Every structure is written in structure tokens, then in C-alpha cells.
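First up is the structure itself, then whatever we jot down about it.
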Amino acid sequence: MPRFRATALGDLAARLGRPLEGDAAWVVRGVASLEDAGPGDLVFVRGPRYAGALARSGAGAAIAPPSVDTGGRPAIRSPRPDLDFARAVAQLALRDRPPAGVHPAAVVAPDAHVDPSACIDAYAVIGARCSVGARSIVHPHVVLYPDVKIGADCEIHAGCVLREETELGDRVVLHSGAAIGADGFGYTFDEQGRPAKIPQIGRVVIEDDAEIGALAAIDRATLGTTRIRRNAKIDDLCVVAHNCDVGENVILVGQSGLAGSTVVEAGAILMGQTGTTGHLRIGAGAFLGGRTAVHKDVPAGARLFGAPAMPERAWHRTMSALARLPDALRRLRAVERAVGIRAPRAGEEEA
Amino acid sequence: MPRFRATALGDLAARLGRPLEGDAAWVVRGVASLEDAGPGDLVFVRGPRYAGALARSGAGAAIAPPSVDTGGRPAIRSPRPDLDFARAVAQLALRDRPPAGVHPAAVVAPDAHVDPSACIDAYAVIGARCSVGARSIVHPHVVLYPDVKIGADCEIHAGCVLREETELGDRVVLHSGAAIGADGFGYTFDEQGRPAKIPQIGRVVIEDDAEIGALAAIDRATLGTTRIRRNAKIDDLCVVAHNCDVGENVILVGQSGLAGSTVVEAGAILMGQTGTTGHLRIGAGAFLGGRTAVHKDVPAGARLFGAPAMPERAWHRTMSALARLPDALRRLRAVERAVGIRAPRAGEEEA
Amino acid sequence: MPRFRATALGDLAARLGRPLEGDAAWVVRGVASLEDAGPGDLVFVRGPRYAGALARSGAGAAIAPPSVDTGGRPAIRSPRPDLDFARAVAQLALRDRPPAGVHPAAVVAPDAHVDPSACIDAYAVIGARCSVGARSIVHPHVVLYPDVKIGADCEIHAGCVLREETELGDRVVLHSGAAIGADGFGYTFDEQGRPAKIPQIGRVVIEDDAEIGALAAIDRATLGTTRIRRNAKIDDLCVVAHNCDVGENVILVGQSGLAGSTVVEAGAILMGQTGTTGHLRIGAGAFLGGRTAVHKDVPAGARLFGAPAMPERAWHRTMSALARLPDALRRLRAVERAVGIRAPRAGEEEA
């Protein structure tokens, strides 16, 4: 079970900058979902819809909008209970933080620079000329190839590999097993028509506050830079190919893939298992539904679905029409009969 | 080549509990496919359809149903030759088992508990308060974050990472590079519309006999538990997001993805590259064909295909109708002409 | 920034076997894209279309077809500028090569054979009876299970796991985190209908010059061999299931998956996120567009798109027709009215 820093509700409300209702001295001992909460737990409710669930919950306190009756429980009042709950959890949850310093079973190149407040954990490998910034945590079994730069307050989980010259800003999080800076998939064909490798000598830059999921691959550029911009969020098992530019605040959900040189502008959201062909641009704030496949540029703010992608309304109409298609073919044949057009025989109609 | 424990066919038949036909002293020296088998090899045939292949095979003995003539070869008679062959291979195949104990190049926290019969291999990292049960094998380069519990007779292959509080039952197998318990992909949006992380403080529980493929990711819950139930089988590069509940005996084939809070009930089969949107339920025994995309609850026992998913028969009819659609549009125009409806000009018909 | 071996342009031209135009003593100090190039950089242009970009570029020299005016810059003339540029970069780019020998923090089984010119880097684990050929580089944190054979001039990037009996030819490259030889996903059902494991005791062979992307999984065969043939190129996060046979020069682009026993013949190209069902054959030189799903054998040279896959022309016609389907249904209803067929009411037409 996760462990928490016992905190007076009044102190928490003050830190969140939200008004408190009820006993300020009430002590938060944990957080939980409405279903699982016990008397020492803080929960949140989004709105009146959840008032019944709160009434039935064992929770001792709630973050809730002013409109929700908390049944006498002390409450932090918030117009954005989900956001304040996320902030509260970040304050309350205790995590084992490995101690600062270099674990004796780690290999650090003599010309690497590791900030004394950083942690390099067991069996990590820090290559030549690397740098690791203040308070960053490099978990066990992380490999930094030469010339990797890591900023301050980053967390690199176990098993990540960062190839040569990868550069991370501050507060970047890489989850277990992410592969950063592996060669892009670049080939041409030789005179005999065989695939011939195009050397991949560019690099990857991941800017401040970006987060990369477990087992995701962000490939180095062929020449130049593959860039993940500030606060972009990339989920597990996504692939970002060489020379992509993923904009600020972009959300790329699980198992999505961006082909080479795709530009995703700020704030776009690509749901799970989406894919793009290369050299195209997804406009700012665009939304691609799950499993969408994009073959051409997407205008800013567009909402697309399907493969090939269509605007949302057209996609809904088309999928609805598709479900009626077998019946429509029968109706078409009936009309042909009514007007004396010989119905095509099986096999004829494709001719 | 794999190595085998030379075994008298009679002994093997006895262990499988099946009747023997022919020489009980015949020695099985290996197992092979019908094409590759040599005179010391045991093969299996599913039924009469494969009798010709068996006749041509160099195999020395067979597991076969009573109806199949084995051409004088000694035979173990079985109503389920594939299942008995699988059991026979499990008995016969020899594997290098690393010796019990902790490799000198491994880091085990002083307050971790490792059963003396377990193996902790080179460069494994066993975090604070972890436990590893009897006869379990932790291969090289596995990282257990603090508070991980591993039951008996588990095998954790090289490169797996198990985040804090992950709990494994008995006989669980994790293949190379699986990422268990990484943060779920949970974000809300802050007052400026930027993605803001929801801390992921839940955990993953994987019950007895479950098996997780190479490079699969099973994310920890936001709050509470992501659960993989008894004997569930998850293939390579699948993603199971936060708070999912994968039922007993479920089969999840390669590169499939379950979005957050998906419930998959017992015995459902999801073929390769399927996907689900979050917060839905796949009923017991349902079957989703390869590449199916599910957007709503699936009834128990349903068979769905396609994206968006349709019942099997509707999908076959719809895909067949779709192939005839270009021709149907021509036929529609002909009918319009016949009844004096002006055929729409190019570009008009979408209006 | 990548580093380069300063080289006289005349020497480079001679090594490429191409005619030089201009100053043979001009020194190449780097390579770059047209946009990023500076005065010491060599670039390439594919043809006259890029002449304007070259004119605006800061590049000092170019590899270009004879038809392109390089504005007085010294030039290597080539009918295949992209291919010669790739070869030039391979000659010019400097890489940190870890020194030959076994790192003191590596575990090598006493009966393994490592060529003295090979490099076994920190925390690598080389199992019993393995062999590593001349000049091959085994990066940190690679694990070779027992009986793995690696040829000459291979490069195995950090975090790769090679299970028992995997065999690599010469010049094979495995990118970060690739999982080679993990168990195939083979189950049958026991008498109670539960998934029962079929032991996977085959192996993986990867032939000369093949390249496997980051976090890709190539599963061992159930019995026999999963084979990746000479010069095949497999991208990040692809899955090749048990008993597949991937032909020479095949290209398998990111996140594609081959189900068990798929045969891909020489020179086929499978674009990103494609999938195949098992036991089928993709003919030589076939092309499958991105996200294609194949359910039956593909003839040699075919070009397929879509899910389920269709020939290219049929797919384009069908997708175009699909976009017109909602309108066609309205037109169909109008025709029905015109001929006095009662238009079906909502809900009726599916009956």
C-alpha cells in the first residue's frame, strides 16, 4: 500500500489555495477512490453526479465543488476537484527516494559530470562527457551513451537507454525501458535494389517537463534533431521516428506511431494506436481518435477519426451508413427490378 | 539444438496417463515437427489428415489419436495429441537452470527476503522490503523496486522492471524486458489547458500461473490495483493500462492494448493488435478478431471483428458489401437515369 | 554535435568512385541537411527540384546529379546522390567505439568464447558456451543466455536480451532493448478449457547484415527456427512471432506484427503498423501499405492496402466510394420514392 505524509486538512487547503469547510485539524492519512476509501482517507468528487457515491463512501474528507453536499465531512472546496486532488496526492504520497550520490556498483566515466545532489543507482552506466543535473535520479540499469546531457530534477527509470548526444531538459521523466536516440529507420536502395542503411547521426532533445512512457522509442534524427517539446506527454510503447517534432503539451496515447519527420503542433491529442505517414503536419490542438490513420496534413483544431482519417461528423455518418450497406445493396437490387434493369448475377457485378 | 532427457516411451506414457502401443522400452531422445524429425524423435499428429505426413516423416514414435495408423511406430494414444505433446515436451526438454542463491554481482537490499532455493542472477537489483519465493528465478538485469513480492516458482527473464509494490503469485512468468508497474498515463488539464500529471500511486497484482510477454507493459493503477488474474496469458508488446482487470484464462495476443479501467472477463480472447477504449467491459468468453477496435461493452460470448467492432456475421456481410460498393454506386446512377433523376455531377453529391 | 573525420573532397570522391568537379583539396568538415549546412559541410541534392534550396543553402560542397548547378561549389557528381551521401556519411562520421576486451564489470562464463578484438562492455552477461566474433561490440547491459552465437562485426546495443541458442551472422545490428528469442505465444487448451502452455524450445537465427530496431521482439520457434534472413531490416517495436521466416532484404516498418509461421519472401516491404494472421505467405517484392491487415496469402509483387487488405486500385476506389456512401443512401431513398417503393422506416432497414 502506498504511504502518505499525515497532514492537517487545513494545511493542505492552504497549500492548494482553496477554502476549507469543517475541521482544519482533521488529519489526512491517505487518499483513495470513493469505493475504497476509509475514515482517514481524502477523496474527490467531480460534481453533484457523484454525491450519492460520496454519501455511501467511507471517506473521511473530500475535495469537492461548492455545490456538492459532503454529508458533514470536512471539505476542501474547489472548482477543479480532479486537478486539486492530483496536486494533493503529489504532496501527500511518500516515495522511496534513493540517496544522492553514485552507487558503488555503477560505472561513471571519469570525464562525466554528476551533480552531487543527483543519484546514480546500481549498475547505471554514465558514458564519456555526460552530465547529470541537480537532484536527478538515474535508476538502476540505465545506460547513458557518451555525450548525454540530463537537466535538473529528472527521473530516469530502470532499463532506459539514452544513445549518444541525447539531451534532456529539467523535470523530464522517462519510464522503464524507454529507448531514446536509437537509430532512425532510414534506408535507401543500392544498385542491386537491396536496402542500404542511411547513417543516423542526429540526436534527440526532450525539453522540460516532458514525460515518456515505458518501452517507448524516440529515434535520433538522420541529421539534426528529433525534438519532444516542453510538457509533451508520450505514453507506453509509442514510437516517434527520426526527425519528428512533437509540440508543447502534445498528448500521444499508447502504441501510437509517428513516421519520420512528422510535426505535431502544440496541444494536439493523438489517442491510442494512431499512426501517421511521414513528412506531414498535425495542426495545433487537433484531436485524432483512437486507431486513426493520417495520410495528409491535419488542420489546426480538426477532429479526425478512422483509417483513412475523416472529420468526426463525416466519420460517424459514414460508419453508420456502412452498417446499413448490406441492406442497401438488397434495396438497390429491388429498385433495379422495379425499373426493369436486369439484376446482375453473382460475379457479374464486379465486372 | 535443444537438449532432452532420454526417456523410455513407456515411462512417458505412464506419466501422461495414456495407453502405449508398441515398444515400451523405445527411448525418446528428442521431439520435433513432422518435417524435421529423425529416428530418435517423438512427434504428434492431430488426426487422420496428417497420416500421410507422418508416413513420410523420419520420426521414431508418435503421440496420435487411436484412429491414426502410425506405420508400425510405437505410439502413445491420446484424444488430445497436442496437449499431451505439450506436456511431454515440458517433461523431456532440459534447460540450464541457474544455481540457487544470490550471484555475487547482484544487489539485494538488507531488508529484502530471498528464499534460499531462489536464484538471483548477475546484476539483478532487489529493492528494500522485497521478497522472492521458493525456487523462483530472477534472471540477470532484473530490477525490483522497493516492496515487490514474488511468489514461488516464478521466472522473471532478463531486463524486466517491476516498480514499487508489484505483487506476483506463484508460477508467474515474465518474459524479457516486460515493464510492470510503470506509471499509468493519467493527466488532467490545468487552468492554462496544459496536461497536468495525476500521480499514479496504485500497484499491479499478477496472479498465479499468468504469463506476460516480452516488452509488454502493465501499468500500475492510479489508485488501487491493476490486476492480471490467474492463468491469464499476455503476449509480447501488449499494453495494459492503469486500473484494468484482466480475468482468469484471458488470452491477449501481440501488440494489443487495453485502455484504462478496461475489465476483461474470464476466458475472453483478444487477437493481435486489438484495442479498447477505456472504462468498458469485455464479457466472459468473448472473442475479438485481430485488429478489432472496441468502443463499448462486449456481451459475454460475443464474437466481434473490425474497427469499429461488429458482430462476426455482420462484419463478414459488411466487408463483402464494401468490396461491391464502387460497382453499386455505378448501378445507382444507372437507376437514377432510368427513372429520370438527374445524375449528380461530380462534387454535387456530397452537398 | 556529431564529429567527423576531416577529408579532402577529392579523396572522398575517389573512395565513392564518382567524378569530382571543382577543388579536390576542399576539406569536408561535416555533413548536414540543406537547411542546416554551414560552409564546411557537404550536402546532397536529389535533382533539379532542389537546385533552389541548394542555392540558398550555406553548404560548401554537394553530391549532386550532373544536371544540377551547384553554384560554383565543388561537387561530387553521382547518379544516386542519396546513396552516395549515405556512403559518404558512413566514411566521415566518427563514433566512440568502446575499446576491445572485456570490461571488468561484466560477467563472462568460463566456457564462453570471446574474440580478443571484440568488446564486452560494462555489466554485460555472457552465458555458458556463448561465442562472440571478431570486432563485435556488446554494449552495456546486454544479456546472452547460454549457447548464443554472435558472428563478426556485430553491434548489440544496450539492454538487448538474447535467449538460449540465438544465432547471429556477421554485421548484424540489434538496437536498444530488442528481445530476441523470448518464448513464442503458443498455447492449447486443457480439458477444462484453460490455456495450457506449449513449451517453446526452438531458436532464432538472424543472418548477416540484418538489423533489428529498438524494443522489437523476435520470438523463438516452438520447434525449429524463427529465421530473419540476410539484410532484412526490422524497425522499432515490431513483433515477429514463433516460426516466422523473414526473407532477404525484407523491410518491416515500425510496430508491425507477424503472427506465427508467417513467411515473408525476399524484398517484400511491410509499412508501419501492418499485421498478418498466422501461417500465410507474403510473396516476393510485395508491398503492404501502412496499417494493412492481411488474412490470406499475398502474391509476389502485389500492392495491398487496408484492413482487410485489398489491391491498391480497388482500395483507392473503395475508400473513395465509402466517402460518398452517406449521400448514396439518400439517393437510394429518392429512387425508391420515385418508383413507389415505400422507403424503409428507421430501424426497419436492418430487418
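The values are calculated or read from the model by the stated rules, or taken from the named source; none is laboratory data. Since this is a predicted model, take the numbers as computed values, not measurements. A quick note on method: Cβ atoms are made from the backbone with ideal geometry, for glycine too, and the neighbour counts reach across all protein chains shown. Side chains included, ligands, DNA and RNA excluded: accessible areas come from the protein's heavy atoms. Shrake-Rupley method; radii C 1.70, N 1.55, O 1.52, S 1.80 Å.
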Taking the dipole of the protein assembly as shown about the Cα centre (Lys, Arg +1; Asp, Glu -1; charges at Cβ), the one of A:Leu144, A:Gly289, A:Pro199 that reaches farthest to the positive side is A:Gly289
Carbon plus sulfur, as percent of the 1.4 Å-probe accessible area of the protein assembly as shown, comes to 54 percent
SASA check, B:Glu21, accessible area w/ 1.4 Å probe, all protein chains in place, rounded to nearest 10 Å², comes out at 80 Å²
Classified through the alpha carbon gyration tensor (a ≥ b ≥ c as square roots of its eigenvalues; rounded if a/c is under 1.5, else prolate when a/b is larger than b/c, else oblate), segment B:129-191 comes out prolate
With the label set 7 Å along Cα→Cβ, A:Arg97 is separated from its counterparts in the other copies, in nm and shortest first, by 4.4, 4.4
In the protein assembly as shown, taking the dipole from +1 charges on Lys and Arg beta carbons and -1 charges on Asp and Glu beta carbons about the Cα centre, the listed residue (B:Leu304, A:Ala179, B:Thr277) farthest towards the positive end is B:Leu304
Stretched fully, the stretch from C:Arg95 through C:Ser67 gains (0.36 nm per residue minus C-alpha distance, one decimal, in nm) 6.7 nm
The simple spin-label model distance between B:His316 and C:His295, using points 7 Å out along Cα→Cβ, in nm, is 0.9 nm
Percent antiparallel among DSSP beta bridges confined to chain B, nearest 5, equals 15 percent
From highest to lowest solvent-accessible area (probe 1.4 Å; ligands, DNA and RNA excluded), B:Arg3, C:Arg46 read C:Arg46, B:Arg3
Once all protein chains are kept in place, C:Met1 shows an accessible area at probe 1.4 Å, nearest 10 Å², of 150 Å²
Expected field for A:Thr70, accessible surface area in Å² at 1.4 Å probe radius, rounded to 10, holds 10 Å²
In segment A:7-92 the DSSP beta bridges are antiparallel at a rate, in percent to nearest 5, of 35 percent
Computed over the protein assembly as shown, protein heavy atoms only, probe 1.4 angstrom, the accessible area per residue in square angstrom equals 37 Å²
Short to long, in 10 Å steps from zero, the percent of alpha-carbon pairs of the protein assembly as shown per bin is 2, 10, 18, 23, 20, 14, 9, 3, 0
Residues of segment B:259-286 that bury at least 40 Å² of accessible area, probe 1.4 Å, when all protein chains are present rather than the chain alone, are B:Gln273
Shielding of B:20-33 by other chains, given as the mean Cβ count within 10 Å, works out to 1
Sorted shortest first, the nm distances from the A:Glu35 label point (7 Å along Cα→Cβ) to its counterparts in the other copies are 4.9, 4.9
If one builds a Gaussian network model of chain A from Cα atoms under 10 Å apart, the most fluctuating residue listed among A:Gly17, A:Gly257, A:Gly213 is A:Gly17
Among beta bridges assigned by DSSP with both residues in segment A:101-310, the antiparallel ones amount in percent, to the nearest 5, to 5 percent
Connecting every pair of Cα atoms under 10 Å apart in chain B and solving the GNM, the largest mean-square fluctuation among B:Ala64, B:Ala241, B:Ala307 falls on B:Ala64
Toy charge model, Lys and Arg Cβ at +1, Asp and Glu Cβ at -1: chain A dipole around Cα centroid in debye, rounded to 20, equals 1340 debye
Asked for the total accessible area buried by A and B (1.4 Å probe, Å², nearest 100), one would answer 5100 Å²
For segment A:1-69, the charge dipole (Cβ of Lys, Arg +1; Cβ of Asp, Glu -1; about the Cα centre) points to a positive end, and the Cα of A:Ala25, A:Ser57, A:Leu12 closest to that extreme belongs to A:Leu12
For C:Ala51, inter-copy label-point distances (7 Å, Cα→Cβ), nm, shortest first, read 7.6, 7.6
Per the C-alpha gyration tensor (a ≥ b ≥ c, the square roots of its eigenvalues), chain C is rounded if a/c is under 1.5, else prolate if a/b beats b/c, else oblate; here it's oblate
Quick calc, segment B:101-310, dipole around Cα centre from Cβ unit charges on Lys, Arg (+) and Asp, Glu (-), nearest 20 debye, gives 500 debye
For segment A:101-310 the translational diffusion coefficient, Stokes-Einstein from a Kirkwood Rh over Cα pairs at 37 °C and viscosity 0.692 mPa s, in µm²/s, is roughly 191 µm²/s
Losing no less than 50 Å² of accessible area (probe 1.4 Å) relative to the isolated chain, the residues of segment A:125-161 are A:His141, A:Tyr145
Taking only C-alpha positions in segment B:7-92, Rg and Dmax in angstrom work out to 10.9, 28
For segment B:35-123, the dipole about the Cα centre with charges only on Cβ (Lys and Arg +1, Asp and Glu -1), to the nearest 20 debye, works out at 520 debye
Simple spin-label estimate for C:Val339/B:Arg333, 7 Å along Cα→Cβ, in nm, reads 1.8 nm
For segment C:132-137, in residue order, the Karplus 3J(HN,Hα) values (coefficients 6.51, -1.76, 1.60; θ = phi - 60°; whole Hz; Gly and Pro = x) are 10, x, 4, 6, 6, 10
Relative contact order in percent for chain C (Cα pairs under 8 Å, 6+ apart) equals 6 percent
Sorted list, accessible surface of protein heavy atoms, 1.4 Å probe, largest first, for A:Ser67, C:Ser176 is A:Ser67, C:Ser176
For C:His113, the residues 5 or more places away or on another chain with a placed amide H closer than 5 Å to its own amide H are C:Cys130, C:Ser131, C:Val132
